[in-house]
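Undergrad: Below are the C-alpha cells for one structure; questions will follow.
What follows is calculated from the coordinates using simple rules that are stated; it is not laboratory data. All of these numbers come straight from a predicted model, not from anything done at the bench. Note that each Cβ is placed from the backbone with ideal geometry, even for glycine, and that neighbours are counted across all protein chains shown.
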Amino acid sequence: MINRDLAREVKSLMPSRERDTDRNSPVSMWNEMDRLRGTPEETTVVILRTRGCSWYDFSSCSMCGYFNDVNTNISVDNLKVQIDRAYDFMERTRILKIFTSGSFLDQREVPEEAFNYFMKKMSDKVEKLLVESRTEYVTDKIMKKVKSYGVDTRIAIGVESSNDYVIKNMVNKGTTFSKFINAAKILKNNKMELRSYLLLKPPYMSEEGGVQDAIQSVKDCAPYSDDISVNPMNIQKNTLVEKLWKKGEYRPPWLWSVVRVLLETQNVKSDVISYPTGGDRERGAHNDDRNQEVVKLIFNASLNQDFRDLEDYYNRADKRKYMAHLKNEECLPIQYDLDSFIRKISAGSVKI
Amino acid sequence: MVIKSQSFFAYSRIGSYNHGESSYDFPFIVPVGSFIRNNDDLRFMDEECSIKNVNVRNREIKILETENFFIPMTTPFFLKRSKQTVNFIIDLKKEIGYEKLLYIPGVSDPYLIPHLFSLGVDAFDTINASVEGSHGVLYTMMGRLNNGMDHSPENAEFIHNIIFLIKNGVDSLTLMEMVERWNISSKGREILRILEESRGGDFEEVYPRTTGSVIAGGLESLERPDILRFNSYVTGDYKKSNDLETVLFLPCAARKPYSQSRSHQAIFEALGSLRKHINEVIVTSPITLVPRELEETYPPGFYDIPVTGNWFLEEKENIVNSIEMFIQNNQYKNVIFFLPEDMSFIKEKLNIDQNFIIWKKGESGEFDTLRETISEIVSRERDGQKRDFLKEKLVSIAQYQFGPWIKPFISGLRINRMFNQFMLVEGNKPYFVYNERLGKLTIHRNAAHIFVEQNRFLVEIDNFKPTANIYSMGVLNCTEDIRQEDEVVIHHGGEIRGTGISKMSHQIMLKTKKGIAVKVRN
C-alpha cells in the first residue's frame with residue numbers, strides 16, 4: 001500500500017505546519033458554478049483552515065500542497081468563527097462546498113464539537129452540501145450523524161486512480177481502490193451521494209498513460225459515483241510534483257488530454273466533469289499553444305453535461321503537436337517535459 | 001555478450017550486434033516504439049530489461065540493462081551543462097565498459113550527435129527530430145530553420161545522414177574533424193572543449209596515435225590529443241640529435257613535409273652546405289615547433305591550417321613559450337630566426353636584439369643576411385664533421401614514436417636501403433623499416449625482443465599463432481603505453497609471436513572482448 005521511498009521523499013519536501021496565519025479566517029471563500037443538484041447553479045466554496053489532513057502526519061500525496069494552508073493551532077473556537085464567516089459569506093447561494101486541506105469528516109481535523117456546530121448552523125441555509133473525505137472516515141456511524149441534520153449532502157472522495165500501482169508508486173495516497181469501494185458501499189447503504197475525484201496524469205506517467213489511466217478509472221468509479229470530477233494535475237508548492245516539474249521532469253497534462261477523457265467517457269452511468277485548476281497556465285493543464293477557449297469549453301461542457309461543442313472544437317483543432325508529443329513520450333523509459341528540454345537544449349544553436 | 005564486431009576511434013565505435021536471428025549495425029537509430037511498458041515491466045528492442053544501480057561520480061544512477069544495451073534512467077537535462085554531460089558519460093562508460101551499447105534516450109539533438117558519439121554514446125533516436133519537426137523546425141546543415149511546417153520525416157532523415165557520416169568518421173579516422181567542424185550548437189563546442197581540457201587525460205588514453213586528417217581549424221585544435229602529444233614531446237622529452245650549438249627557426253609551408261615546399265627548397269639552395277652546421281626548427285601552429293628531422297611524422301607531416309598572416313593571442317603565447325623551452329632544453333648557444341614579418345611578435349616577446357632576420361620573400365637577395373649570419377657563426381667554430389641527416393631523422397622519429405627510452409637500442413643500428421625502403425639494421429638483420437608515407441617506423445620481428453625486454457608496446461596473447469588479426473578476446477594483457485594505431489609487439493609469456501598495429505587503445509583492449517585488437521604484420 002505504501003512505497004516507503006516515495007513517502008519519505010514527499011515528506012522531506014513538506015514545510016513545517018506551524019504557522020502564524022489568522023486562525024479565525026478561512027483560507028479562502030468564493031462563489032462558482034457547479035451542478036450538485038443536476039443543473040448549473042451558483043455554489044459557494046469555503047476552504048476552512050484546519051490542522052490539515054491526518055495523512056500529513058506520515059507523508060502527503062505527491063501532488064498535494066494543501067499543507068501550505070494549514071495551521072496546527074486551530075482550536076474548536078477558531079473553527080466556529082470560521083464557520084460563522086462562511087455562513088455570512090453565503091448571501092445568495094444555497095449550495096455549499098466545504099474544503100479543509102484534509103478530511104471534513106476526520107474528527108482530529110474537525111472535532112465533533114465544531115462539526116456539530118457547523119451542521120446545525122448551516123442546516124437553515126444550505127440546501128445542498130459537499131464535503132470531502134479520505135475513505136477511512138466514511139463510516140456508518142459518521143454517515144448517520146451527517147444525515148441526522150437533514151442536509152442533503154454529497155461526499156467527495158479523492159480516488160485519484162483505480163489502479164493500486166498508480167496510487168502506491170505515483171500518488172502516495174496510502175489507500176487502495178477496494179477501500180474506496182467499501183466507502184462507496186457505505187454511502188450507498190446510507191443513501192448518500194458520492195463525487196469521485198480523479199487525478200489526470202500523476203508523476204512518472206506518460207501523457208497517454210495518464211489519459212488511459214483516467215479513462216479506466218472513470219469507468220471503474222462510475223458504478224459507485226453520482227459524478228466524477230477529473231482533475232488535471234496542477235503544480236502546487238512544496239510538492240514532489242513541483243520538484244519534478246522544476247527539474248523539467250514533469251509536465252502538466254495537455255488540455256487535449258482532459259478533453260479526450262471527457263469525450264471518451266460520455267457513455268458512463270455517472271456525470272463526468274472537469275474544472276481544470278490553473279487551466280491554460282504553466283502550472284496547470286495546458287496545450288503547447290495557449291488557448292483559453294478550450295478551458296471555457298471544458299467548463300461549459302462539464303457544467304451542462306453537453307459535450308457537443310467541445311467535441312466539435314476538438315475534432316477541428318490542429319492537434320499535430322499533441323499527437324507527436326504522445327508518440328515521442330512512448331519512446332522514453334522515463335518521463336520529462338520534452339518541450340521544455342528541447343527549448344533549453346536548442347537555445348544556443350544557429351537559427352536561420 | 002552479443003556484439004559481433006566493432007572498431008574504434010577513441011571512445012566511439014562502429015560495429016554490429018545480434019539479437020535473435022537479426023543483426024543490427026551501430027551506431028544506430030532506435031526505432032519508434034522500441035519501449036514496451038506494462039506497469040513496472042519494460043522491454044526495449046524486444047529485449048527484457050532489468051534495473052541495475054551504478055555509481056557514477058558518487059551518485060547512484062538507475063540503469064536499464066538488456067542483453068545488448070545499457071540505458072540510464074535519467075532525464076537528458078544533464079545536457080544543459082556541458083561539463084556534466086562530459087563527466088557523466090565518460091564516468092558512466094568507465095563503469096559499464098564496452099561489452100554493451102550505451103543508449104541515452106532523448107539526447108539526439110542533431111547538432112550534438114557527433115559530440116555525444118565522441119563521448120561514447122552508441123545509439124540515438126528521432127524523438128527530438130519529431131518534437132521539433134512537429135513544431136515547424138527543419139534541421140539543416142546550417143542550423144535550425146523554422147517555417148512552421150511539419151518536418152518530422154525530413155528531420156529523421158537528417159539524423160540518419162549524420163549517423164551515416166559519423167560511422168565513416170570512425171572508419172576513416174576522421175571523426176575528430178567532423179566534431180570540430182559540426183559547430184551549429186554552442187553546446188557542441190563546449191562538449192569538445194571540456195572533453196579536451198578537463199578530461200584531456202582520459203581522452204588521450206583512448207585517442208589514436210594517428211588519425212586520418214588534421215585540418216586544424218581553430219583554437220580547439222590546440223587541445224587535440226594528437227597535437228598536444230607532439231607539442232609536449234618537442235618542448236619536453238625531445239633532445240637534439242647531435243651536439244650542434246646553432247638553431248635556425250624557419251616558417252612553415254603549406255606543402256608537407258616542409259622540405260618539399262618551394263620556400264624550403266629555396267632556403268636549402270641558398271644555404272647549401274651551411275645546413276650541415278645548424279639544426280632547423282619550423283615554427284607553426286597549432287603544432288608550435290617542428291624539428292626538421294621530425295617533419296615527416298604525424299602530425300607535422302599531415303596537418304593543414306588556415307594561413308592569414310594573423311595569429312591568435314593564444315597561438316602567439318604558445319609559440320613563444322615553446323621556443324623558450326626548446327632553446328633551454330637543447331642548450332643552443334646560437335639562435336637564428338628567419339621568419340616573415342607577421343612573426344616578429346616572437347622578437348618582441350622574447351626580447352631578441354640580434355639574429356632575428358625578417359624574411360622578405362621574393363625580394364632580391366632575400367637570403368643574403370641569413371647566409372652571412374650563419375657563415376659568420378660557423379667560421380667561429382670548428383669545422384663540422386660529416387653529418388648523417390637520414391640517421392638523425394630515423395633515430396629522432398623512433399624516439400618520438402616509442403619514447404626516449406629507445407635511443408640506446410637504436411643509435412648503434414646501421415641504415416640500409418632495400419626494396420626502395422630505408423631500414424635500420426643490425427648486421428644484416430632488419431630491425432626497423434621506415435614507412436615514408438606515414439613518417440613512422442615499423443617494428444621488424446628481429447627487434448621485437450627489445451620491446452619485450454623493456455616491457456613497452458606489448459600485447460600479450462593467449463597461446464595461439466596469430467594470423468591476420470588478433471581479436472581482443474585473445475588478448476591477455478597489454479602495456480599501458482599502447483594507443484590505437486601504434487606499432488606493437490605480440491607475445492605469449494615473453495615468447496614473440498609477431499608484430500602489428502594496434503586497433504584499440506590499451507584501456508579498451510582490456511575492457512572489451514569483441515573487435516580487432518591488433519592487425520598482424522606478416
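Undergrad: Roughly how crowded by other chains is peptide A:318-328, in terms of the mean Cβ count from those chains within 10 Å of each of its Cβ atoms? It would help to have the intermediate numbers written out before the result.
TA: On the way: counts 1, 0, 6, 5, 1, 1, 9, 4, 0, 7, 12.
Whole-number average of other-chain Cβ neighbours for A:318-328 is 4.
Undergrad: Only bridges with both residues in the protein assembly as shown count here: give the DSSP antiparallel percent, nearest 5.
TA: Values: 71 of 121 bridges.
Antiparallel bridges make up about 60 percent of those DSSP assigns within the protein assembly as shown.
Undergrad: Moving on. When you count, for each residue, the other Cβ atoms within 10 Å and take the mean per peptide, how do B:449-461, B:234-246 rank with the highest first?
TA: On the way: B:449-461: 19.1, B:234-246: 16.9.
Highest-to-lowest ranking by the protection proxy: B:449-461, B:234-246.
Undergrad: So, R0 is 30 Å and r is the distance between the beta-carbons of B:LYS83 and B:LYS52; what FRET efficiency does that work out to, to 0.05? Display every interim value, and only then the final one.
TA: Numbers: r = 25 Å, r/R0 = 0.85.
Calculated value: 0.75.
Undergrad: Would you list which lysines come within 21 Å of B:LYS440, measuring only between C-alpha atoms, while excluding same-chain residues fewer than 8 positions from it?
TA: B:LYS239, B:LYS240, B:LYS256, B:LYS391, B:LYS393, B:LYS407, B:LYS429, B:LYS503, B:LYS519
Undergrad: How far apart, in nm, are the 7 Å Cα→Cβ label points at A:LYS219 and B:LYS94?
TA: According to this spin-label approximation, the distance is 5.1 nm.
Undergrad: While we're on this one: Given the Cα-Cα distance of A:SER75 and A:GLU41 and 0.36 nm per residue of separation, how much length would full extension add, in nm?
TA: Details: separation 34, 0.36 × 34 = 12.24 nm, distance 3.31 nm.
That works out to 8.9 nm of additional length.
Undergrad: Considering only segment B:219-381, what is the antiparallel percent among its DSSP beta bridges, to the nearest 5?
TA: Working: 3 of 15 bridges.
Just about 20 percent of them are antiparallel.
Undergrad: Specify which residue in the list B:ILE461, B:TYR471, B:HIS491 is farthest towards the positive end of the charge dipole of segment B:450-522, using unit charges on the beta carbon of Lys, Arg (+1) and Asp, Glu (-1), about the Cα centre.
TA: Going by the Cα projections, it comes out as B:TYR471.
Undergrad: Sticking with this structure for a sec: Out of residues 5 or more away from A:THR153 or on other chains, whose amide H comes under 5 Å of its own, with H placed 1.01 Å from N in the peptide plane?
TA: Residues meeting the amide H criterion: A:LEU129, A:GLU193.
Undergrad: Which one, A:PHE341, A:PHE299, A:PHE89, has the greatest fluctuation when you compute a Gaussian network model over chain A with C-alpha springs under 10 angstrom?
TA: Highest fluctuation among the options: A:PHE341.
Undergrad: Which FRET efficiency, nearest 0.05, do B:GLU348 and B:LYS407 yield, Cβ-Cβ r, R0 35 Å? Provide the component values of the computation, followed by the final result.
TA: On the way: r = 37 Å, r/R0 = 1.05.
The value I calculate is 0.45.
Undergrad: Also, I was wondering about something else. For the protein assembly as shown, build the charge dipole from Cβ charges (+1 Lys, Arg; -1 Asp, Glu) around the Cα centre, then report which of A:VAL159, B:ILE305, A:PRO203 sits farthest towards its positive end.
TA: Checking the options against the dipole of the protein assembly as shown, the answer is A:VAL159.
Undergrad: Rounded to the nearest 20 Debye, what is the dipole magnitude of segment A:234-342 about its Cα centre when Lys and Arg each give +1 and Asp and Glu each give -1 at the C-beta?
TA: On the way: 17 positive and 18 negative charges, 62 e Å.
Its charge dipole is roughly 300 debye.
Undergrad: Let me ask something else about it. Assign one of three labels to the protein assembly as shown, namely rounded, prolate or oblate, based on the Cα gyration tensor with a ≥ b ≥ c the square roots of its eigenvalues; rounded applies when a/c is under 1.5, prolate when it is not and a/b is larger than b/c, and oblate otherwise. Can you show the working numbers first?
TA: Numbers: a/c = 3.34, a/b = 2.70, b/c = 1.24.
Prolate, since a/c reaches 1.5 and a/b exceeds b/c.
Undergrad: Now, a different point. Can you tell me how chain A classifies by the Cα gyration tensor, rounded, prolate or oblate, using a/c under 1.5 as the rounded cut?
TA: Judged from the Cα gyration tensor, chain A comes out prolate (a/c at least 1.5, a/b above b/c).
Undergrad: On to the next question. Run down the aspartates and glutamates and flag those whose C-alpha is under 18 Å from the C-alpha of B:LYS386, throwing out any fewer than 8 positions away in its chain.
TA: B:ASP243, B:GLU245, B:GLU280, B:GLU293
Undergrad: Straight-line reach from A:LYS120: which lysines fall under 25 Å, measuring Cα to Cα and dropping same-chain residues less than 8 apart?
TA: In chain and number order, the partners are A:LYS80, A:LYS97, A:LYS128, A:LYS141, A:LYS144, A:LYS145, A:LYS147, A:LYS188, A:LYS191.
Undergrad: Follow-up question, since we're still on this one. Can you tell me the orientation of helix B:186-197 relative to chain B, as the angle in degrees between its alpha-carbon axis and the longest Cα principal axis, to the nearest 10?
TA: So the helix axis and the longest Cα principal axis differ by about 60 degrees.
Undergrad: Also: Count the net charge of all other residues whose Cβ sits under 13 Å from the Cβ of A:GLU91, scoring Lys and Arg as +1 and Asp and Glu as -1. Please list the in-between numbers first.
TA: Details: positive: A:ARG85, A:ARG92, A:ARG94, A:LYS125; negative: A:GLU42, A:ASP88.
Summing Lys/Arg as +1 and Asp/Glu as -1 gives +2.
Undergrad: Still on this structure: Let me have the 222 nm mean residue ellipticity of chain B computed from DSSP H runs of 4+ only, each contributing -39500 (n - 2.57), with the sum over all residues rounded to the nearest 500. Walk me through the numbers on the way to the answer.
TA: Values: 16 runs with 163 residues, N = 522.
That comes out to -9000 deg cm²/dmol.
Undergrad: Moving on. Which of rounded, prolate or oblate describes segment A:93-135 when judged by the alpha-carbon gyration tensor and an a/c cut-off of 1.5?
TA: On the way: a/c = 2.82, a/b = 1.40, b/c = 2.02.
Taking the square roots of the gyration eigenvalues as a ≥ b ≥ c, segment A:93-135 is oblate.
Undergrad: Additional query: What average count of beta carbons from other chains do you get within 10 Å of the Cβ of residues in B:71-80? Write down the numbers at each step before the final one.
TA: Values: counts 2, 2, 3, 4, 12, 9, 9, 0, 3, 5.
Per-residue shielding by partner chains comes out at 5.
Undergrad: What is the angle, in °, between the Cα long axis of helix B:152-171 and the longest principal axis of the Cα atoms in chain B? Nearest 10 is fine, range 0 to 90.
TA: 40
Undergrad: Right, next: To the nearest 10 degrees, how steeply does helix A:177-189 sit against the main Cα axis of chain A, on a 0 to 90 scale?
TA: Approximately 40 degrees, to the nearest 10.
Undergrad: Distance in nm between label sites at B:SER198 and B:ASP171, each 7 Å beyond Cα in the beta-carbon direction?
TA: For B:SER198 paired with B:ASP171, the spin-label model returns 3.5 nm.
Undergrad: Something else now. Kindly work out what percent of the DSSP beta bridges joining two residues of segment A:4-347 are antiparallel, to the nearest 5. Please list the in-between numbers first.
TA: On the way: 7 of 34 bridges.
DSSP beta bridges in segment A:4-347 are roughly 20 percent antiparallel.
Undergrad: Where the only charges are on Cβ atoms (+1 Lys, Arg; -1 Asp, Glu), what is the dipole of chain A about its Cα centre, to the nearest 20 debye? Intermediate values should be presented prior to the final figure.
TA: On the way: 55 positive and 52 negative charges, 102 e Å.
Computed about the Cα centre, the dipole is about 480 debye.
Undergrad: Multiply the residue gap between B:SER232 and B:LEU476 by 0.36 nm, knock off their C-alpha separation, and tell me the result in nm, one decimal place. Write down the numbers at each step before the final one.
TA: Working: separation 244, 0.36 × 244 = 87.84 nm, distance 3.13 nm.
The span from B:SER232 to B:LEU476 would gain 84.7 nm if fully extended.
Undergrad: Cα centroids of segment B:1-67 and segment B:281-346: how far apart, whole angstrom?
TA: 47
Undergrad: Using only atoms on other chains, find how many Cβ atoms lie within 10 Å of each Cβ of peptide B:103-110 and report the average.
TA: On the way: counts 1, 0, 6, 11, 2, 0, 5, 2.
Taking the mean over all residues of the peptide, I get 3.
Undergrad: Using +1 at the C-beta of Lys and Arg and -1 at the C-beta of Asp and Glu, which of B:ASN321, B:GLY188, A:LEU130 has the Cα lying farthest in the positive direction of the dipole of the protein assembly as shown?
TA: My answer, from the dipole projection, is A:LEU130.
Undergrad: So, one more: Using alpha-carbon positions, what is the distance between the centroids of segment B:479-495 and segment A:161-239, in Å?
TA: 65
Undergrad: For segment B:2-206, give the magnitude of the charge dipole about the Cα centre (Cβ charges: +1 Lys/Arg, -1 Asp/Glu; no others), in debye to the nearest 20.
TA: Details: 21 positive and 29 negative charges, 135 e Å.
Taking the Cα centre of segment B:2-206 as origin, the dipole is about 640 debye.
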